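Written out below as C-alpha cells is the structure these notes cover.
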C-alpha cells in the first residue's frame with residue numbers, strides 16, 4: 001500500500017468545498033434518491049468488523065456517474081444549454097449525461113468507442129431519448145475523447161468531463177455525504193475505487209472538512225494505476241499502457257482538478273490485481289446477489305489486502321453495476337487463474353497410440369479436469385504439440401501435478417500467467 005504524506009496546510013487550495021457538495025446534494029434531490037447502504041455479512045465475517053456496501057449500482061443509470069454529470073449540466077447558464085453539450089465515455093458517464101440531458105432538455109452528442117458493447121450504446125440512446133445523439137468513433141476511449149474535444153472546440157458546445165471538473169467532483173462527493181447520514185456515526189474507514197479520481201476527490205473534500213478522522217483508502221486496478229503514477233511523478237502523467245479489464249477505472253491519466261485534492265490529502269492507495277477483482281465479482285453475485293461491474297468490485301476486492309482494525313466499521317463504495325452478461329466467461333477464467341485453480345501447458349505428445357491415455361492415467365490427479373485441449377497432429381514429425389488447460393480440484397495439488405509432469409515421458413512446458421501467450425487465452 002502506498003501512503004502519501006499531506007502537504008502543508010498553506011498549500012491547500014481546493015477547487016471544491018464541502019459546501020459545494022451540500023449544494024449539489026440539494027440539486028440532486030429532485031432527480032434521484034439516496035442509494036442503499038447495506039451491511040455485508042460475508043465481508044464483515046472476513047475482516048472481523050462491520051462492512052457496509054454503498055449500492056451505487058442501484059442508481060437509475062446503474063452507477064454514481066449520474067451525480068457529477070447532472071450537477072454540472074444543471075449549472076450551465078441558458079446560453080450554454082442552448083449550444084448543447086458533448087462528452088466521451090466508455091459507458092457509465094455517457095449514461096449519466098444522457099439521463100441529465102433528458103431531464104433538463106439539453107441536447108447532447110455522446111462519443112463512444114467502437115469497443116463499447118451494443119447493450120451500453122442502446123441504453124445511452126434509450127436514456128437520452130430525442131435530445132441525445134450517440135456517435136461511435138475510433139477503437140479506444142482516447143479516440144472518442146479526441147473527437148468529443150474537437151466537436152466542442154468547433155461547435156461551442158460544453159464538454160462534460162467524466163471526472164476533471166469541480167462541478168463533477170462536487171456531485172460525486174454526495175455519495176459519501178449520504179453514507180455519513182445513513183450511519184449512526186461516521187465510519188472508521190472508507191474504501192473508494194479510483195479511475196480518474198472524481199469519486200475519490202469528492203469523498204476527500206467532504207470528509208476532510210466535516211469528518212477528518214475518517215480513514216480513506218483509494219483502490220486502483222493494478223493494470224491501470226494512474227493515480228499512483230501521478231503521485232510518484234508529482235503531477236498527472238499518461239500511462240503508456242493500461243489493462244482494459246476494469247474498464248470503468250482504466251484511465252491513462254488522472255484529472256488536473258482531482259489530482260491536487262488527492263495529493264494534498266495524504267491518503268493510502270492500494271493496487272488490486274484484475275484476477276482478484278474477478279474473484280470478488282463472482283462472490284458478490286453468488287453470495288450477495290449483486291451484479292457488479294469490475295470497477296464496482298474494486299473496493300470490496302481490496303479488503304483482504306488491507307490492514308483493517310478488528311471490530312471497526314468500514315464502508316466500501318460499490319461504484320457501478322453495468323456489467324455485460326457475455327463477460328462472465330472471461331471473469332470466471334480470470335478468477336480461476338488468480339486462485340491457482342486453472343493452469344495451461346504445452347505438451348509434446350509422442351505420435352503413437354495410447355499417448356493421450358498415458359497422460360490421463362499417469363499425470364492427471366483424480367480431481368483434475370481438462371478444460372481445453374487443442375492438438376495438432378503432424379504426419380512428418382515424431383511428436384505433436386497440444387495446448388492443454390487444466391482445472392485443479394484444489395490449488396494445493398499443483399506441486400504434485402508438476403512433479404508427475406516432470407517424470408512423465410512427454411516434454412511439458414507450463415505457461416505462466418505473466419507469459420505473453422496468456423493474451424490468447426484471456
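Taken together, the values in this text are just the output of simple stated rules run on the coordinates, not laboratory data. Predicted, not measured: the structure shown is a model, and the values here were computed from it. Virtual Cβ from ideal backbone geometry, glycine too; neighbours counted across all protein chains shown.
With a 10 Å radius around each residue's Cβ, average the other Cβ atoms per peptide and rank 106-113, 162-169, highest first.
Top of the packing list down: 162-169, 106-113.
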When 231, 356 are arranged by how many other beta-carbons sit within 10 Å of their Cβ, fewest first, they go 356, 231
With Cα extents along the principal axes in Å as the read-out, I listed (i) 95, 55, 45; (ii) 80, 51, 39; (iii) 79, 59, 37; which label goes with the value calculated from this structure? (ii)
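For region 65-166, calculate the relative contact order in percent as a whole number, restricting contacts to Cα pairs under 8 Å that are 6 or more residues apart.
Reported relative contact order: 34 percent.
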Quick check on the exposure proxy: order 70, 375 from fewest to most C-beta atoms within 10 angstrom. 375, 70
Rounded to the nearest 5, what % of the DSSP beta bridges within region 11-141 are antiparallel ones? 25 percent
Students often check this: by mean Cβ neighbours within 10 Å, which of 366-372, 49-55, 313-319, 193-199 ranks highest, and how do the rest follow? 193-199, 313-319, 49-55, 366-372
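In the chain, what percentage of the DSSP-assigned beta bridges are antiparallel, given to the nearest 5?
In the chain, approximately 45 percent of DSSP beta bridges are antiparallel ones.
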For a paramagnetic label modelled at 7 Å from the Cα of residue 238 toward its Cβ, which residues of region 259-286 fall within the zone defined by backbone nitrogen distances under 20 Å? 259-260
At 0.36 nm per residue, and after removing the present C-alpha to C-alpha distance, how many nm does the segment from residue 184 to residue 304 gain when stretched out fully? 40.7 nm
Sorted by average packing, counted as other Cβ atoms within 10 angstrom per residue and highest first, what order do 217-225, 151-159, 340-348 take? 217-225, 340-348, 151-159
With just the Cα atoms of region 340-424, tell me how far they stretch along each of the three principal axes, in Å, largest first. 38, 30, 19
Any idea what the relative contact order of the chain is, in percent, if you count C-alpha pairs under 8 Å spaced at least 6 apart? 17 percent
Linear extension gain, residue 211 paired with residue 326, 0.36 nm per residue minus alpha-carbon span: 37.3 nm
Got a sec? How would 227, 405, 281 order by Cβ neighbour count within 10 Å, fewest to most? 405, 281, 227
Only bridges whose two residues both fall in region 65-166 count here: according to DSSP, what percent of them are antiparallel, nearest 5? 0 percent
